[in-house]
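Here the structure comes first, spelled out in C-alpha cells, and everything after it is commentary.
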C-alpha cells in the first residue's frame, strides 16, 4: 500500500508443540516440507494425487495461463468414488462415517457402506427424474444426513450442486437459484435452531415464484403432520425409496464442475465461486489432513454447516476422501444449554475439532465452568478459522479446553481458496496473534499497492502467487469478476485482507482491507484494537469501525459484548478505553465505546463491520442476504 499500515499490538506468547506430538505428526519438519512443495510444485501435487483413485490418468499436472489454471489435465475421476467406493473396496465398509446429532438429542449413525447405499439410491433416482451431467441442483437444507447425501448424490451423477445455507431469506435464495440456473431444488420444509422451528418451505415458495428455471422441487418433510405437496413437488423419502443401490459414478474430467458456492457476503454482493472434481479433491483433502494431523482412529467434529466452504471442504469432501469418522450436529452451539459442545465431545469421544474464533469467544463469554464440567480428555487438537484468532481466545482455549493435551491451531482461508492457505502446523511453534506460515504449494506475500514487498511487521495486502489445485475456476456466469482478484496487482491473487509478516515468516491477518482504520494519518488494522479489547477480563467479543472526524480523518468506535458476570457502566467504559490506550497507545483508543447485546454477523460467523458502519453513518449497508438474525 502507498500508506503504511501500523501494527500496534505486541504479543509475545508462544506455545511449543509437545515432543510426543512432533514425534507422531504427519509432518515433523514443516519448513522442510513446505520448501519441497514450492521448489517442485507440479511434482509435489502429482505425488499427492497418486494417493487417490482415478478412472484415467492425467497427461499434465498443471496448465497455468495466468490467471486461469487447469490441474491433472485430461484425467477422469469422480470425487464420490474417493469419498465412498474405495473405502468399501478396502476395510472401511463398516467403519463409522457419520454420527449425526440433532438439537433435540436425536442421533443417527452411518457407516461408509450405509452412506454409499443412500447416495446411490438418491443419485439413481435423480437420474430417473432426468437430472444429467452439468445440470445445476440447488440444495436448501439444514445440516442433516439428507442434506449431505444430496450433495454427494449430485456429485455422483455429475450434476453441479449449489448449497444455500438453510435460513437465508427468500431474496437470497431467489438470487442464488436464479444465478446458478438450477433445474431442480432439494429442500427441507423446516429446520431447528435454539428450540425454534424455521419455516424453510415458506421462504422457498416465495423465492421460487421468481425462478423459472426450476422444474422440480424435492422436499424432505420433517414436520408432523406432513404438509401437502404442490404440483411440481416430490417427497424426498419416496424418491429415495424408488432409487437403486446400483448407481455407478459418472466419469468426470478433472476440470468438470463439481459445485457452485456463493460467498458469505461479508464484503458485498455474493459471488458464485465454481469448483471442479479433480484439483478440489486433491487439494482440499490433503491440506485439511495436514492441518488437523488426521489419523485412522480419529473422531473428527467440524462445527460449521454445509452451507459454507468449511462444511464442503473440511466436513464432507476432505474427511471422507480420507476415510475419517465425522461428527455433525444440527443446531446452535449454546442450546439446549451452554455446555452442549463440551458434552458432545465427551459423549462422542471427539479427538479433533474444527471451529471458529467467533465460537471460542462465545465460549469465553459463557464462562470457564462449562468446559470444566465435562471430560475432554479425548480431544487432542483444536483448529480455528473464519476470523483472526485473538491472543486471549487462544490462551483461554489452551488453558480451559486443551489443558496441555494438544495444540490450538489458527488458520486462514477463504471461500475462494477452498482449503487452508496459512496456518500453524501441529508440529510448529504457535505465536499468539499470528495465524502461522503458508501451507504446501502456496506462496503467500504481503505487498503494497504497487506490488512491492513491505518491511517485516508492516501491514500490506495479503497476496498469493501462482495457482493451487483446489482454487475456484470462475465466478459463475461472470468470469470478469474472477479476473478482478488478479487485476489489482498484476501477477498475484489479492485476497482482500491486510496482513503482516515477521522476521520468522509468520503472518498475522489484521482484518479486511476495506475495514482499515485511518486515524490522524495512522492506518490501523481492526484486529489489533479488537484483540486488545478482548484481552480485558470483562470482554468476550468486540468489533471496531472508523467514523469520519473533521480533525483526525477518522476516530474509532468500539462495540463490545461483555462476558458473563459483567454489567455495562460508565466506569467500565472508561476502563476499557484506558486499557486500549495503555497497551496500544493513544492513537488506537476508541473515541466512542458502545456496549452491545450482539454483533451483526454472517451466518458463517464473520462480523459485518460494514453493517455497523452503515448503521452509524446512515448509509446503505449493501447486501444483507447472509446476515444472522
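Counting residues that are closer than 26 Å to residue 324 by Cβ, in contact with a helix residue (DSSP H, G or I) (Cβ under 6 Å, 6 or more places away or on another chain) and in the same structural domain as residue 222 (by TED's automatic domain parsing), which helices (runs of 4 or more DSSP H) fully inside segment 99-200 reach at least 2?
Hits in segment 99-200: 112-128, 145-157.
Taking residue 409, is it in contact with a helix residue (DSSP H, G or I) (Cβ under 8 Å, 6 or more places away or on another chain), assigned by TED's automatic domain parsing to the domain that holds residue 502 and surrounded by 24 or more Cβ atoms within 10 Å (Cβ to Cβ)?
On the way: in contact with a helix residue (DSSP H, G or I) (Cβ under 8 Å, 6 or more places away or on another chain): yes; assigned by TED's automatic domain parsing to the domain that holds residue 502: yes; surrounded by 24 or more Cβ atoms within 10 Å (Cβ to Cβ): yes.
Judged against the criteria, residue 409 is a match.
Applying the selection to segment 115-135, what residues are more than 17 Å from residue 78 (Cβ to Cβ) and in contact with a strand residue (DSSP E or B) (Cβ under 8 Å, 6 or more places away or on another chain)?
Within segment 115-135, 129 is the sole residue that qualifies.
Among the residues of segment 428-441, are any assigned to a helix (DSSP H, G or I), surrounded by fewer than 20 Cβ atoms within 10 Å (Cβ to Cβ) and either in contact with a strand residue (DSSP E or B) (Cβ under 7 Å, 6 or more places away or on another chain) or touching a residue at least 60 places away in the same chain (Cβ under 8 Å) (or both)?
Checking segment 428-441: not a single residue is assigned to a helix (DSSP H, G or I), surrounded by fewer than 20 Cβ atoms within 10 Å (Cβ to Cβ) and either in contact with a strand residue (DSSP E or B) (Cβ under 7 Å, 6 or more places away or on another chain) or touching a residue at least 60 places away in the same chain (Cβ under 8 Å) (or both).
Given the criterion within 20 Å of residue 390 (Cβ to Cβ) and in contact (Cβ under 8 Å) with a residue 12 or more places away in the chain, identify the matching residue among 546, 491. Outline the logic, then answer.
Details: 491 fails: within 20 Å of residue 390 (Cβ to Cβ).
The conditions single out 546.
Among the residues of segment 68-86, which ones are outside any strand (DSSP E or B) and farther than 14 Å from residue 470 by Cα?
Of everything in segment 68-86, those that are outside any strand (DSSP E or B) and farther than 14 Å from residue 470 by Cα turn out to be 74, 75, 78, 80, 81, 82, 83, 84, 85, 86.
Read through the list (1) touching a residue at least 12 places away in the same chain (Cβ under 8 Å); (2) not in a helix (DSSP H, G or I), then give the number of the only condition that residue 567 fails.
Residue 567 satisfies every listed condition except (1).
What are the pairs with Cβ atoms under 6 angstrom where one residue, in segment 359-381, is assigned by TED's automatic domain parsing to the domain that holds residue 396 and without any contact (Cβ under 8 Å) to a residue 24 or more places away in the chain and the other, located anywhere, is in a loop (DSSP other than H, G, I, E, B) and surrounded by 19 or more Cβ atoms within 10 Å (Cβ to Cβ)? Sequence gap at least six, or different chains.
Note: no pairs meet the criteria.
Residue-by-condition table, conditions (1) outside any loop (DSSP other than H, G, I, E, B); (2) surrounded by fewer than 24 Cβ atoms within 10 Å (Cβ to Cβ); (3) not assigned by TED's automatic domain parsing to the domain that holds residue 442:
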{"site": "480", "(1), (2), (3)": "yes, yes, no"}
{"site": "490", "(1), (2), (3)": "no, yes, no"}
{"site": "499", "(1), (2), (3)": "yes, no, no"}
{"site": "505", "(1), (2), (3)": "no, yes, no"}
{"site": "533", "(1), (2), (3)": "yes, no, yes"}
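Among the residues of segment 214-245, how many are more than 31 Å from the chain's Cα centre (by Cα), closer than 20 Å to residue 166 by Cα and assigned to a loop (DSSP other than H, G, I, E, B)?
4
Would a scan of segment 548-556 turn up a residue that is at pLDDT 80 or above and either in the same structural domain as residue 390 (by TED's automatic domain parsing) or surrounded by 23 or more Cβ atoms within 10 Å (Cβ to Cβ) (or both)?
yes
Residue-by-condition table, conditions (1) crowded, with 19+ Cβ neighbours inside 10 Å; (2) under 18 Å from residue 417 (Cα atoms); (3) free of Cβ contacts under 8 Å to residues at least 12 places away in the same chain:
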| position | (1), (2), (3) |
| --- | --- |
| 32 | no, no, yes |
| 40 | no, no, yes |
| 47 | no, no, yes |
| 71 | yes, yes, no |
| 75 | yes, no, no |
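Kindly indicate the residue of segment 304-330 that is out of contact with any helix residue (DSSP H, G or I) (no Cβ under 8 Å at 6 or more places or on another chain) and part of a loop (DSSP other than H, G, I, E, B) and also surrounded by the fewest Cβ atoms within 10 Å (Cβ to Cβ) among those meeting that condition.
The residue in question is 330.
Is it true that residue 548 is assigned to a loop (DSSP other than H, G, I, E, B) and either in contact with a helix residue (DSSP H, G or I) (Cβ under 9 Å, 6 or more places away or on another chain) or within 30 Å of residue 166 (Cα to Cα) (or both)? Spell out how you get there, then give the answer.
Details: assigned to a loop (DSSP other than H, G, I, E, B): no; either in contact with a helix residue (DSSP H, G or I) (Cβ under 9 Å, 6 or more places away or on another chain) or within 30 Å of residue 166 (Cα to Cα) (or both): yes.
Against the criterion (assigned to a loop (DSSP other than H, G, I, E, B) and either in contact with a helix residue (DSSP H, G or I) (Cβ under 9 Å, 6 or more places away or on another chain) or within 30 Å of residue 166 (Cα to Cα) (or both)), residue 548 does not qualify.
The values are calculated or read from the model by the stated rules, or taken from the named source; none is laboratory data. Source: prediction; values computed, not measured. In this analysis, Cβ positions are derived from the backbone assuming ideal geometry, glycine residues included, and neighbour counts consider all displayed protein chains.
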